[in-house]
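Here is the structure we will look at.
Just so you know, all these numbers are worked out from the coordinates, no wet-lab data involved. This one's a predicted model, so the numbers in the text were calculated from it and none came from an experiment. FYI the Cβ positions are ideal-geometry reconstructions off the backbone, even for glycines, and counts take in every protein chain you see.
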Amino acid sequence: MLRIGRAQISVSRWQLGYESRIQLWGILFILPTILFFMIFKYGPMLWAIYLSFTGYDIVTEPKFIGLNNYINIFKDPIFLQALNNTLIYIMGSTIAITVLGLGLALIINTGIKASRFFMSSMFLTNIMPILAVCLVWRFLFHPYGLVNQFLSPLGLGRIDWLTNSYLALPAIIIVTAWRFAPYFMVVFLAGLLAVPKEIYEAADIDGVTPISRFLRITLPMISPIVFFVVVVSALLCARIFLMPFIITGGGPGGATRVLSMLIYETGFSYLKMGRAAAISVILFLIMMVFTILQIRFFSKTEEY
Amino acid sequence: MRKSAKKERISDVVGKEVTRRSFLKGVGTLGLGLAATSSMNRLAFAQPKGPIKLSFWTWQNPQQHAWIQKRVKLFMEKNKGIQIDWQYFTFTDLGKKISVGYATGTAPEGFATGTWLMPTWLSRNMIAPLDIKLLGYSSLQSFVNDYPKAFIDGAVKNDKVYGYPVYVYGFLNYLNTKQFKEAKLDPEKDQPKTWEELGEIARKLAIKKGNKFERQGFKFAMHAPMWTMVQFNPILLQCGGSWFDKSGKCTVNSNAGVRAMTIRASIIRKYQAEDPADSIATSPLPMMDFLKERVSMFSTHCIPIPAVKSQNEKMAAEGYYRPVQMPGVDPNKRYPTAYGFNFVVNINASKEKQEALHDLYRFIMSDLVDCWKDTGPFTPARKSGWADDPQVKSYPHIDEIIKARDNGALLPETPVVNELSDIMHQTVQKVTLENADIKKALDEAAVQVDKATEEFKNQK
């Protein structure tokens, strides 16, 4: 303890209580994380919001232009098409991922033979390099590729998956579901395993049919997991970029161009960074809706 | 007497007595001096400044980037004071990476750029004018005379040179001569000289089984917007059309534009010799359909022999392919799009670094025969210094390759070239894949291009 002249006085003046010191240490410990988020997350986000009100071509200084970027993009048919594509893609992919993920989890949960092997091999789709996945799927969706060969016994004939503007987006949704459903299958499986076996045993004694058992027991019991999967997969899909970029390049005729692709093209190819920032703010708002839904739902979740 | 007279004359000039010994001493000193001066000159060229660190980015091509890397390494060996951080990026990514570099202050001091992007850099004052004397040219005229005219037009503005041309090549029509013969066609006499002839010959070459092509007669590439532009550009110009009028308004929807797009779509619609959805082409190998013999004719830049060999050894060994000039709307208008790459200097680079980059660029391009050996048949942009070499002259169909380069028309010079390419690519997709109405599709395209131009002007 210092007891030398003025120094002693200053130390005693600023001496903190035990709780305050604990709090101060706590703040000091989380300060690096706070600084990291402020500099690398919130800083760029705020900067992007500012840029969305400017005309900025990357090279010269940003010029403030008010709401012009927002007004212009909502008049732009290319943006409206990309927004539409994004919403359809989010909806389609989320439904496909949830249904497929839950279906796979239910099958695995029945205790079929080699279930662990199936689970591991299905999970491989999620860890394969995205570039390789996209290139392989490009050839699978070729007019004379494996997908059409597989469907030929149904008499469907040739399907131009990637060059037909009505089918290209569903094709991308199929690839998305193929890649991400096994990941969410694991999440569903965790939820299914947490359902108490006694409830099923009681239902069996009462002679409940498998469908009723699923609808009246399983689904309500895992509803928080279902909602979690819906929200997280929707957030994941809202940011999708590489799949349409590599598989179709946004074509044909812009049919698979989603907002993240448009942001990339507008910012880095057309050098309209202000406009790209405005589109990213809109994408952010879309994702915010899902996030708020998730927060609100989980704050009200009932414990079974 | 004669000896003393000579002695006098020399003494008169020098102003003091010159003996045989002093004369020899003088000559020796002069020789040493000259030798020292000359070696210092070399030293001055080799090591112009103190330690300099440069960053230099180029495009990716297995042959070309490897050759540039070799030259950069050699340059650094000869110029110990200059260190170059050399990187390469894919053809399509390079421009975007550079844009991001400018935005973040990390753009390289020197970089290679596609010629079509020159207006993008120039309109935003991003690149510095070059000193042609440092590049080894005595005057602007001598520089201009050394390159194909169409190509140099994009690099020289207001008598200032902004791009040091590296490569330039024109598109060619590659024929599978074996398939020509199978269809009882002569690859020499029957090579299509007009677009109508191309359609007719493609129809003869195509083999269909039900609705499925076993072999397509001709194919336009559909994998990338810039290729769509490169292939549509000469048809539009041959039809008497233009991309923009004098006021900068897009005129691709003119009658000439509609005619050009009708020609573009005719191989599918009229001659039924192409299936635009049936392709195995990828960006790294757009000519894959041709190399795998799924297509009898394909429009592309010159194909290096190793590329043929890597995909079709038989084709490479037997050599049953050949390039000919692209067709025209009439036989006298057979020209393609020519495009290439320039070396440019970042306007923000210090004067010292700019000068070092001039030395680097000059060094890279100082041995064009070596360039040809490593990267042929990609044609260097310069006319002199390589084309007369026996190795070049003996290359198969070199005359056709050089002719396409020299006759090629440039892509439109516009700062919105990326928007234009994307819009045209989508328009071609709508017309060829969805059978959209040509006039309506081009009208929509013109509106979008005008909007992009307007936005560019407003942004400035």
Checklist outcome for this item: Those trypsin sites (Lys or Arg not before Pro) from the range A:224-275 that are DSSP loop and have at most 16 other Cβ neighbours within 10 Å turn out to be A:R239
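Nearest 20 debye, what's the magnitude of the dipole of the protein assembly as shown about its Cα centre given +1 on Lys and Arg Cβ and -1 on Asp and Glu Cβ?
Numbers: 85 positive and 61 negative charges, 508 e Å.
For the protein assembly as shown, the charge dipole is close to 2440 debye.
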Checklist entry - When Cβ neighbours within 10 Å are restricted to other protein chains, what is their mean count per residue of peptide A:251-257? => result 6
Next on the checklist: How high is the relative contact order of chain B? Use alpha-carbon pairs under 8 Å, at least six apart in sequence, and give a whole percent.
Outcome noted: 23 percent
Checklist entry - How would you order A:19-29, A:38-48 from highest to lowest mean count of nearby Cβ atoms within 10 Å? => result A:38-48, A:19-29
Next on the checklist: Could you order the peptides B:359-366, B:293-300 from most to least packed, using the average number of other C-beta atoms within 10 Å per residue?
Outcome noted: B:293-300, B:359-366
Checklist outcome for this item: Semi-axes in Å, largest first, for chain B (Cα gyration tensor, √(5λ)) are 51, 27, 20
Checklist entry - For the protein assembly as shown, what's the radius of gyration and Dmax over Cα atoms, in angstrom? => result 33.8, 145
Checklist entry - Name the residues of the range B:206-238 whose amide N is less than 20 Å from a point 7 angstrom out from the Cα of B:D190 along the C-beta direction? => result B:206-209, B:213-220
Checklist entry - In a Debye calculation with equal point scatterers on the alpha-carbon sites of chain A and no solvent, what is log10 I(q)/I(0) at q = 0.12 Å⁻¹? => result -0.98
Item to check | Cα-based Rg and Dmax for the range B:248-339, where Dmax is the largest Cα-Cα distance (Å) | outcome: 15.9, 50
Checklist entry - Residue farthest toward the positive end of the dipole of chain A, with Cβ of Lys/Arg at +1 and Asp/Glu at -1: which of A:Q149, A:A132, A:I172? => result A:A132
Checklist entry - Mind checking the mean number of beta-carbon atoms from other chains within 10 Å of the Cβ atoms in B:272-278? => result 3
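Which entries of B:K246/B:K451; B:K184/B:K292; B:K193/B:K314; B:K96/B:K451; B:K181/B:K204; B:K96/B:K430 have Cα-Cα distances beyond 18 Å here?
B:K184/B:K292; B:K193/B:K314; B:K96/B:K451; B:K96/B:K430
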Next on the checklist: Suppose R0 equals 51 Å. What FRET efficiency, 1/(1 + (r/R0)^6) with r the Cβ-Cβ distance, do B:S310 and A:K75 give to the nearest 0.05?
Outcome noted: 0.60
Checklist outcome for this item: In the protein assembly as shown, taking the dipole from +1 charges on Lys and Arg beta carbons and -1 charges on Asp and Glu beta carbons about the Cα centre, the listed residue (A:F245, A:V226, B:A107) farthest towards the positive end is B:A107
Checklist entry - Across the residues of A:60-70, average count of Cβ atoms on other protein chains within 10 Å? => result 1
Checklist entry - Which whole-number percentage describes the relative contact order of the range A:70-300, with Cα contacts under 8 Å and a sequence gap of 6 or more? => result 31 percent
Checklist outcome for this item: Toy charge model, Lys and Arg Cβ at +1, Asp and Glu Cβ at -1: chain A dipole around Cα centroid in debye, rounded to 20, equals 740 debye
Item to check | Shape of the range B:356-434, Cα gyration tensor, a/c cut at 1.5 | outcome: oblate
Item to check | the range B:131-194: relative contact order as a whole-number percent, Cα under 8 Å and 6+ apart | outcome: 17 percent
